[in-house]
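Working notes, structure below.
Read the figures in this text as sums done on the coordinates, not as results from a lab. Note that the structure is predicted; figures quoted are calculated from it, not measured. So basically every Cβ, Gly included, is an ideal-geometry build from the backbone, and we count neighbours across all protein chains shown.
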Amino acid sequence: MSIGCNELRSVQELARAMAGFQNRYPRVKFELYSGSNEDIQERIEQGTLDIGLFLEPFHLARYETLPMHTKERRGVLLHREAPLAVQDTIYPGDLVGTLVMTIHVDTPAHQELSQWSGDFAKEMDFSANYNVLHNAVIVARERKGAVICLEQDCHYDDMKFLPLEPELSVGSVLAWKEGRIASRAAKAFLQFLQHKEEQETK
């Protein structure tokens, strides 16, 4: 069974569900693919992925979805030697004059960040765009710059995470193409997840 995943904290929630399912069905094997919303959707459409873990907001017409409980908090990974590293949060306008890497433009997430920044968005130096956070952090760390991203459970040397203020948090969903789940294992996993959700909401 194949699952596409964004770099999200809700992957931990998905991992617990996978572990519970494999305890019940130990012969089932998972294949994980990491990518952006767009990468994952393209592979689902091509039939190479069964299910995707998507960051909201995202247009998922003709998809069935199951919401995750974990909230994803947006913020900035900043080099500890940067002047802004003494702060506890990042406010609109704080990043003006700082080399900033951000997720690809023309995505709902980028539009959301532009709205949060307001008029300051036009003044910011978006030095590069990225789709995989790990590589962006390496570049930002070398340049002592910043990466606008989601809060992660992992640690990056010399980098400090500062949340946005006002807070900007989003949800995530598991999604699959309506009527297109062919794998018996994937069908059983989705039934397991839906039953688990029903039990937790009682």
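Let's see how each residue does on (1) farther than 25 Å from Glu38 by Cα; (2) crowded, with 17+ Cβ neighbours inside 10 Å; (3) touching a His at 6+ places or on another chain (Cβ under 7 Å):
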{"residue": "Gln87", "(1), (2), (3)": "yes, no, no"}
{"residue": "Phe126", "(1), (2), (3)": "no, no, no"}
{"residue": "Val147", "(1), (2), (3)": "no, yes, no"}
{"residue": "Asp153", "(1), (2), (3)": "no, no, no"}
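Of the numbered conditions (1) assigned to a helix (DSSP H, G or I); (2) surrounded by 15 or more Cβ atoms within 10 Å (Cβ to Cβ), Arg16 satisfies every one except a single condition; which is it?
Status for Arg16: all satisfied but (2).
Got a number for residues in the stretch 5-64 being among the aliphatic types (A, V, I, L, M) and farther than 24 Å from Leu113 by Cβ?
Here the count works out to 10.
Among the residues of the stretch 177-202, how many are among the acidic types (Asp, Glu), assigned to a helix (DSSP H, G or I) and closer than 18 Å to Ile3 by Cβ?
Residues in the stretch 177-202 being among the acidic types (Asp, Glu), assigned to a helix (DSSP H, G or I) and closer than 18 Å to Ile3 by Cβ: 1 in total.
Condition test on Thr102, is it out of contact with any helix residue (DSSP H, G or I) (no Cβ under 6 Å at 6 or more places or on another chain), over 19 Å from Lys160 (Cα atoms) and assigned to a strand (DSSP E or B)?
The answer is no for Thr102.
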